[in-house]
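Here is the structure we will look at, set down as structure tokens.
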Amino acid sequence: MNLKEFIQENKHQFDDEKVSLDFDAKFERKLKAEFHQPKKKSKLIYLKIVSIAACLAIVFTVVFWQNNTSFTHQKNEILANLENESAGKRLEGVYNFSDDFKKEDEKIISSLLNLLHKDENTNVKIATIEALLKFPKNEKIRLNLIDALATEKDPLVQIKLIKSLSFLRENRAKKPLKEIINNSQTFPIVKSNATLAMAEIKQ
Amino acid sequence: MNTEEIIQKCKQNHYSAQIEVYNSFKNLLFSASYRILNNREDAEDIVQDAFIHGFEKINQLNDDGNIGAWFRRIAINKSLDLIRKRKKVFWLEEKQELQQVEETNEVNFTGVSIDFIKNCINQLKEKYRIIVVLYMIEDYTHREIGEMLQINESTVRNQYKRGKDKLLLLLKNQ
């Protein structure tokens, strides 16, 4: 019998080494830590949820930021158009505001009120009055429409203002309406509109 | 529970099955690792790593596979990795093989104790001891040992022959 055969025949005696007494407990702890820790799993799920929430927050922030950026860009464009020297551009600005803005914007309304009093173009003024009528509860707009009626000389704009204030049932418009009716310089068509509006407001 | 059921349960991460496997083979793995590393603490660390690694990869084992041999192989490979990592042993590559000698009836082992043989093996230089252990006790072929140690087969054969000659000399001088 050679040495290898002898060893193989007595192999079990070569495998008689034993682990130390505290090794079993150490191994069991390790086994549980590696494969049997529900907390670790729930922590993992929690981490997944947190990371998904973080991703969503980032997406929403980016979308909000983009929308905000695009809103600011649009607003600046309208304001620039409202102050443009070209009546066509101002008209474009008024229409863009009318079409795209559902909520009041103080800066734009201020700019529109400026056009209402100072613009020299009839079409721009009429479009401006139409745009301002989108916000009938705005006291500032109502008062400015009344003031504009008192000072306006363009008959087409006067008619637009009279109809608008009549639509708004604005009692405070009676005084300028009376002045228009009593003014000998007033166009007959403007007078008849003013008379009609006065009757409607009184009702 | 038979072996097949135990393997299946381990694949399903059953704690009790894993503990049963551990209790069945812990000393087998420890003996194999200790023979290579010659250090009890290192061998215990290897046994722990081998079981954890084995349970992680248990799906690679067929249900009818030899689970003990599978874990033992993991422990031996991890032990050899540790030796390589610590750069404790170098085997110089040898392309020329020494003259092969048939395994003959070298010594009359009557009355030779196993502890004495173990002692003699432990007296060998590490580079011989590891190859002698892998070939004589763990029963791997020269080719398998070459693959495990990442050296060529002729180097294994030569180192084995030298190691065995030294071991026989130690045994004869009892």
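The values are calculated or read from the model by the stated rules, or taken from the named source; none is laboratory data. Everything quoted here is computed from the prediction, not taken from an experiment. Using ideal geometry, Cβ is built from the backbone for each residue, glycine included, and neighbour counts are taken over all protein chains shown. SASA here: full protein model, heavy atoms, side chains in, ligands and nucleic acids out. Shrake-Rupley method; radii C 1.70, N 1.55, O 1.52, S 1.80 Å.
Of the two radii for the stretch B:3-86, the radius of gyration is 0.98 times the Kirkwood radius, both from the alpha carbons; that is the Rg over Rh value.
Note on B:Lys127: aspartates and glutamates with a C-alpha under 20 Å away, same-chain residues under 8 apart excluded, are B:Asp42, B:Asp81, B:Glu93, B:Glu94, B:Glu97, B:Glu138, B:Asp139, B:Glu144, B:Glu147, B:Glu153, B:Asp165. Exceedance of the 18 Å cut-off in Cα-Cα distance is limited, within the set A:Lys89/A:Lys118; A:Lys30/B:Lys87; A:Lys160/A:Lys191, to A:Lys30/B:Lys87. Accessible surface buried by the A/B pair amounts to about 3400 Å², both sides summed, 1.4 Å probe. Its Cα gyration tensor gives the protein assembly as shown an equivalent ellipsoid; the semi-axes, largest first and in whole Å, are 105, 23, 14. Using a probe of 1.4 Å, the accessible surface attributed to A:Glu92 totals some 80 Å² when neighbouring protein chains are kept in position. Site pair B:Thr141 and A:Gln185 shows an inter-label distance of 12.0 nm when each label is modelled 7 Å from Cα along Cα→Cβ. On chain B, 43 percent of the accessible area sits on carbon and sulfur atoms, based on a 1.4 Å probe. Pairs exceeding a 25 Å alpha-carbon distance, out of A:Lys125/A:Lys178; A:Lys140/A:Lys175; A:Lys26/A:Lys48: A:Lys26/A:Lys48.
Measuring heavy-atom accessible area with a 1.4 angstrom probe and counting protein chains only, the residues of the stretch B:13-34 that give up at least 10 Å² relative to the chain alone are B:Asn13, B:Tyr15, B:Gln18, B:Ile19, B:Tyr22, B:Lys26, B:Asn27, B:Leu28, B:Phe30, B:Ser31, B:Tyr34.
Excluding ligands, DNA and RNA, the accessible surface per residue across the protein assembly as shown is 58 Å² with a 1.4 Å probe.
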